[in-house]
Each structure stands twice: as structure tokens, then as C-alpha cells.
Amino acid sequence: MSNEKRCGYVAIVGRPNVGKSTLLNHMLGQKISITSRKPQTTRHQVIGIKTEGDHQIIFVDTPGLHRGAEKAINRFMNRAASSAIRDVDLVLFLVDRTAWTEEDQMVLEQVQQARRPTILVVNKVDLLDDKNILLPHLQALADRGAFEAIVPVSALRARNIDALEKEVVKYLPASDHFFPEEQITDRSQRFLAAEIVREKIMRQLGEELPYAVTVEIEEFGFDNGIAHISALILVERQGQKQIIIGEKGSRLRSIGTEARKDMEKLFDCKVMLRLWVKVKSGWSDDERALRSLGYED
Ligand code: GDP
Ligand code: K
Ligand code: MG
């Protein structure tokens, strides 16, 4: 048995909605990256740290690469995704169990330019009706690029995640650990709280609205073991504000209840959460405003 310390960075890349954030959360056993059925749920790069014995894996969850780079927010997300893979020790390239798409091809090209060891992860195999098609599908995928390994998984049902982790550990260089053992992310509790509120909005509201929303934490403090959090939900138009508040405040209440439950799980304490909604026009196309909200260049 070797007791040499290992530590390295592993980027999780793939087209929007392929399950990158879900995979990260299941690898960590903690929900630090928000997920939903909608593309563009992940707007910020999030680091998830998993330390087990001698090895420490630093996962980098990326916003998917987007076409439509005309909006400032999409440009930020693309820059974050492509710079994330340049300096890592390993890339996990996620695809879905179904057909190869143009977007997969676009991500593959980015991955190939980065010239890092790459494992192809075929996600959502739980959705395969006919398991017999998996093997030929994996063989066809193998011909598309030079992959160190191809691992089928279900991120959602946590299937084959252990096998993937074993494969990942092989690519960690010998190194001291960069983070303390108990640390699971580089993000503050404030940031995670804002993201949790945004997740509930993404999940509860219709198709268009969530993209016009951002969340700012105005107050975050502990008093007698209780977290007091107050969050401001910023929207672009008055009509959007009304949709979020809902009939007699019902929508906002339900967003608040779900967000509070997740926060209590993550922070491991009782949470008092207050939500406000405010109209702030044009933020999603104003780079300076984005920076002030924590979007990095
Ligand atoms: P991302 O945009 O790549 O980060 O994707 P998310 O992690 O946000 O997941 C997108 C959607 O796919 C969510 O509704 C997830 O619940 C779902 N999903 C992720 N992994 C799986 C999986 O293994 N099986 C199934 N059935 N759904 C999954
Ligand atoms: K998503
Ligand atoms: Mg994501």
C-alpha cells in the first residue's frame, strides 16, 4: 500500500444539461452546485473538493459552453468554461447516453485543444430502455477521440460513480493537498445560499423568466446557532416580479420554504430566510453590473 499523497484538478465539461453539476454533487455527497432541467443553470464556476485518505480531488464544475455569445452573460459563461480545462490534470467529458450532437462536437474540440488526459463519461444510462445498445454505443464513441477510458454512469442514481472515482484517482499527481480535509468548496456560505435560492427559481418557474433573475445576499449572520439570511431577488421587469411573488405571495413562499430546507441541510443548522424581489433593469447585458454580482472575467 502506498501512502504517497496525491492531489489534482479535474474539470467536468460537457454540453448544457448533460448532468455535470449532478455528477459533482454525487461525487461529493453534498449539494454544492445547483441543478435543474434548464440549460444555463450553472452560471459560475464552482470547485468541489473531495478528500479521502491520501488523495484529494478538486473538481471544477463549469457552466456549459453556449452558442449565442451576443449577451454578456453568455460570454462570461463561455470564458469560464474554456479557461477551466486548460490547467487541469484530468478532464471528465460528459455526454448523454443518446446520439452525439453538434454541441458535443463543439465541446470535444475544446477538450482536444486543451490536450489534457480525458475520460469520456457517458451519463444518464438509467434512461436506456434497451441495455443491449449501450455497448455498441460506447464502441462508437471510442472512435471519436483519444480517451483514456470510457465510463458509463448514472449521476442521478449514483450508479458506477465509485468506478469513475477509482479511474480519476489514477490521474492525480503526487502532491500535498491544497485544501484542508474538511473543506468541500472554495465558495462562501453566502454564495451557496444565493445559488440555492436561484435553483428554486429555476426549478419552479416557466421557460424564460429564470434567465432574467439573479440573487444577492443582503444579510448573512449567525445568532444562537441560527442562520439569519436575507436574500434579494433581482428581476428585469415589473411583470417578472409579480410572477415570482405569485398569487398572494404563494410562489415566493414556496421558493423560500424549499430554499430554507436545502440551506438547513447544507449548513447543518436552523435557518431563518427572508426573500425580497426588486426590479433592476438590464443587468444581464451589463458587464459591470455582472462583475458587481460576482461573475468573474
Ligand atoms: P448540467 O447543466 O450539465 O450541470 O446538468 P444538471 O446537473 O443541471 O442536470 C440537468 C438535468 O439532468 C437535471 O434535471 C438532472 O436531474 C438530470 N440528470 C442528471 N444526471 C442524470 C442521470 O444520470 N439520469 C437522469 N435520468 N437524469 C439526470
Ligand atoms: K442544467
Ligand atoms: Mg451545471
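The values are calculated or read from the model by the stated rules, or taken from the named source; none is laboratory data. Values in this document were obtained by computation on a predicted structure and should not be read as measured data. With ideal geometry, Cβ positions are generated from the backbone for all residues, glycine too; neighbour counts draw on all protein chains shown. Just so you know, the surface numbers come from the protein's heavy atoms only, side chains and all, with ligands and any DNA or RNA stripped out. Shrake-Rupley method; radii C 1.70, N 1.55, O 1.52, S 1.80 Å.
How high is the relative contact order of segment 189-293, given as a whole-number percent (alpha carbon pairs under 8 Å, six or more residues apart)? Result for segment 189-293 is 29 percent. The helix-based estimate of mean residue ellipticity at 222 nm for the chain, built from -39,500 (n - 2.57) per DSSP H run of four or more residues and divided by its residue count, is -10500 deg cm²/dmol to the nearest 500. Taking max minus min of the alpha-carbon positions on each principal axis, segment 212-261 gives extents of 39, 19, 14 Å, largest first. Across segment 101-169, the relative contact order, built from alpha-carbon pairs under 8 Å that are at least six residues apart, equals 35 percent.
Its Cα centre serving as origin, the chain has a Cβ charge dipole (Lys and Arg +1, Asp and Glu -1) of approximately 840 debye. The residues of the chain have, on average, 49 Å² of accessible surface per residue, using a 1.4 Å probe with all protein chains present. DSSP finds beta bridges in the chain, and of those with both partners inside it, around 40 percent are antiparallel.
Only one residue of 156, 18, 271 has its Cα farthest out toward the positive end of the dipole of the chain, where Lys and Arg carry +1 and Asp and Glu -1 on Cβ, and that residue is 271. The tail of the calculated P(r) for the chain beyond 24 Å holds 54 percent of all Cα-Cα pairs. Of the solvent-accessible surface of segment 6-170, computed with a 1.4 Å probe over protein heavy atoms with every protein chain present, carbon and sulfur atoms account for 46 percent. For segment 189-293, a Kirkwood hydrodynamic radius built from all Cα pairs, placed in the Stokes-Einstein relation at 10 °C and 1.306 mPa s, yields a translational diffusion coefficient of 114 µm²/s. Rolling a 1.4 angstrom probe over segment 189-293 with all protein chains present gives an accessible area of which 47% lies on carbon and sulfur atoms.
Per q in 0.08, 0.11, 0.15 1/Å, what log10 I(q)/I(0) does a Debye calculation on the alpha-carbon atoms of segment 6-170 return? For segment 6-170 at q = 0.08, 0.11, 0.15 Å⁻¹, log10 I(q)/I(0) is -0.21, -0.40, -0.77.
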